[in-house]
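Participant: Once you've had a glance at the structure underneath, I'll fire off some questions.
Just so it is clear, none of the values below were taken in a lab; they were calculated from the coordinates. What you see is a predicted model, and the numbers here were worked out from it, not measured in a lab. Note: ideal-geometry Cβ built from the backbone for every residue, glycine included; neighbour counts use all protein chains shown.
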Amino acid sequence: SARFGCKMIHISCGHVFDGQKAIPQPYFEDDPLNPTSVYGGSKLESETAIRGNSPNYIIIRSAWLYDVRGKNFLKTMLSGILEAGPGGISFPNDHFGSPTWCYRLALQIKELLVQGGRGTYHATSEGYCSRFEMAEYLVSRLGIGVPVSPCRMKDMKGPKRPANGLLENRLAKKQGRNVMVGWKEDMDRFLDEFGEIFLREATGP
């Protein structure tokens, strides 16, 4: 970025932390970094490389991103619910985060650019929920007749994830640059505007 006189923008995530803080304590931008997975380690390596090679950068850590198009956190959840059918499906009630609309994240990035932000920022929706609570809210809003039930993270297949994925947007708030709103407020708006399209996208071709 120094060579071309531009600002480097990098999207990272909360997997750079170990997730061991007790809920509802969030992680702040300057908390110790301690990834517990290969994925988290790769994110930390990327952050380190940017800080060491670019004097003008913004690193943004976000989480549980969703939008209409492309593979994302919420769409994967919805696809699983629809595939489960009447038999129902379980989601962990001990894995916490903040569902974040990509549109809102884009607004936050724009705000930081316009206002000359620099450094490492957290940018997630305000508030938090478990994956089970998120699934429960999703089926209720979309009127899907599929039962969802709680389980434990240890009962789920897949890579290990930090149990506490809460990120506090402390730096953006301190600088008066935080544009993030409550996760339910954004999800309601998203589903009101794009719910039908989102359902079609989640069911595949």
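Participant: Do we have any residue at all in the range 137-158 that's under 27 Å from His10 (Cβ atoms) and part of a loop (DSSP other than H, G, I, E, B)? It would help to see each step written out before you state the result.
Facilitator: Filtering the range 137-158 down to residues under 27 Å from His10 (Cβ atoms) leaves 158.
Those left that are additionally part of a loop (DSSP other than H, G, I, E, B): 158.
Checking the range 137-158: at least one residue is under 27 Å from His10 (Cβ atoms) and part of a loop (DSSP other than H, G, I, E, B).
Participant: Which pairs have Cβ atoms under 9 Å, sit 6 or more apart or on different chains, and link a residue in the range 82-103 that is farther than 13 Å from Ser125 by Cα to one that is part of a strand (DSSP E or B) and aromatic (Phe, Trp, Tyr)?
Facilitator: Between residues of the range 82-103 that are farther than 13 Å from Ser125 by Cα and residues that are part of a strand (DSSP E or B) and aromatic (Phe, Trp, Tyr), there is no close pair.
Participant: Right, something else. Quick check on my filter: what residues within the range 144-160 are touching a helix residue (DSSP H, G or I) at 6+ places or on another chain (Cβ under 7 Å) and under 30 Å from Gly119 (Cα atoms)? Steps first, answer last, please.
Facilitator: First, pick out the residues of the range 144-160 that are touching a helix residue (DSSP H, G or I) at 6+ places or on another chain (Cβ under 7 Å): 144, 146, 148, 150, 159.
The answer is Pro159, and nothing else.
Participant: Within the range 134-165, can you find the residues that are among the basic types (Lys, Arg) and free of Cβ contacts under 8 Å to residues at least 40 places away in the same chain? Spell out the reasoning first.
Facilitator: Restricting attention to the range 134-165, the residues satisfying the condition of being among the basic types (Lys, Arg) are 141, 152, 154, 157, 160-161.
Hits for the range 134-165 are Lys154, Lys157.
Participant: Right, something else. In the range 17-33, what residues are over 20 Å from Glu126 (Cα atoms) and surrounded by 14 or more Cβ atoms within 10 Å (Cβ to Cβ)?
Facilitator: Across the range 17-33, the qualifying residues are Asp18, Leu33.
Participant: Got at least one residue in the range 142-157 being of a type outside the set (Asp, Glu), crowded, with 16+ Cβ neighbours inside 10 Å and within 21 Å of Arg104 (Cβ to Cβ)?
Facilitator: Yes: one or more hits.
Participant: Out of all the residues in the range 179-189, is one or more closer than 14 Å to Met77 by Cβ and outside any helix (DSSP H, G or I)?
Facilitator: Among the residues of the range 179-189, not one is closer than 14 Å to Met77 by Cβ and outside any helix (DSSP H, G or I), which makes the answer no.
Participant: Considering only the range 52-74, state which residues are surrounded by 15 or more Cβ atoms within 10 Å (Cβ to Cβ) and not in a strand (DSSP E or B).
Facilitator: Ser54, Ala63, Trp64, Asp67, Val68, Asn72, Phe73, Leu74
Participant: OK, next. Is the range 23-46 home to any residue that is within 24 Å of Arg104 (Cα to Cα), polar (S, T, N, Q) and part of a helix (DSSP H, G or I)?
Facilitator: So far as the range 23-46 goes, yes, one or more of its residues are within 24 Å of Arg104 (Cα to Cα), polar (S, T, N, Q) and part of a helix (DSSP H, G or I).
Here is a yes/no grid of residues against (1) crowded, with 18+ Cβ neighbours inside 10 Å; (2) in contact with an Asp or Glu (Cβ under 7 Å, 6 or more places away or on another chain); (3) within 19 Å of Leu82 (Cβ to Cβ):
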{"residue": "Gly97", "(1), (2), (3)": "yes, no, no"}
{"residue": "Ala123", "(1), (2), (3)": "yes, no, no"}
{"residue": "Met134", "(1), (2), (3)": "yes, no, yes"}
{"residue": "Lys173", "(1), (2), (3)": "no, no, no"}
{"residue": "Arg177", "(1), (2), (3)": "yes, yes, no"}
{"residue": "Val181", "(1), (2), (3)": "no, yes, no"}
{"residue": "Leu199", "(1), (2), (3)": "no, no, yes"}
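Participant: OK, next. Go through the residues of the range 102-124 one by one and say whether even a single one is in contact with a Pro (Cβ under 9 Å, 6 or more places away or on another chain) and outside any loop (DSSP other than H, G, I, E, B).
Facilitator: Yes, because at least one residue in the range 102-124 is in contact with a Pro (Cβ under 9 Å, 6 or more places away or on another chain) and outside any loop (DSSP other than H, G, I, E, B).
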